[in-house]
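What follows is a single structure, written as structure tokens, with notes after it.
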Amino acid sequence: MNSTVCSKSNLKWRDYLHRARVHTYQGGNHKMSDKTIVCKDCNANFVFTQNEQDFYKEKGFENDPLRCPDCRSARKRQSRGGNFRGERTMHSAVCSECGISTTVPFEPSGDKPVYCKECYQSRR
Ligand SMILES: [Zn+2]
Ligand SMILES: [Zn+2]
């Protein structure tokens with residue numbers, strides 16, 4: 001039933017559009033439906049691929065992801081651990097006060113200053 005009459009030139013434009021839509025709906029053509037999304041947290045562009053969209057649909061998610069895979073897994077880790085003491089995820093950052101590189105137990109957002117331990121304590 002899926003006879004391969006793929007001579008595009010013979011089809012009228014409307015027929016072509018129709019066929020394209022049917023293809024996409026059936027998941028037959030995976031090339032043109034990748035989406036580029038801007039991450040809500042870090043503003044990085046990431047690609048929400050057709051495969052991932054299918055996966056989301058299967059899981060029953062109706063919305064596109066708002067965050068890039070990195071931020072998503074970071075959030076997952078946070079919500080799972082809550083206030084985890086033993087294994088904190090440390091992020092490297094540069095102290096806004098003295099400029100040394102340090103590690104902080106949260107992800108530096110870029111618009112807030114980050115302090116190393118000494119500077120943080122001396123500011124209190
Ligand atoms: Zn992100
Ligand atoms: Zn410092």
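Coordinate-derived values only; no laboratory data. Bear in mind that the values here come from a model prediction, so they are computed numbers and not experimental data. Virtual Cβ from ideal backbone geometry, glycine too; neighbours counted across all protein chains shown.
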Nearest 0.05, what FRET efficiency do LYS76 and SER96 give at R0 = 41 Å with Cβ-Cβ as r?
0.90
Anchor LYS40: aspartates and glutamates whose Cα lies under 17 Å away (excluding residues fewer than 8 positions away in-chain)
ASP64, ASP70, GLU107, ASP111
Considering amide H positions built from the backbone, and no H for Pro or chain starts, which residues 5 or more places from ARG67, or on another chain, come under 5 Å of its amide H?
LYS40
What distance in nm lies between label points placed 7 Å from Cα along the C-beta direction at ASN63 and GLN121?
4.2 nm
Cross-link pairs LYS59/LYS112; LYS76/LYS112; LYS35/LYS76; LYS12/LYS59; LYS35/LYS59 - those with Cα-Cα distance over 29 Å
LYS59/LYS112; LYS12/LYS59
Return ARG72, ARG14 ranked ascending by Cβ neighbour count within 10 Å, so the fewest neighbours appear first.
ARG14, ARG72
PHE55/GLU107 FRET efficiency (R0 22 Å; Cβ-Cβ; nearest 0.05):
0.30
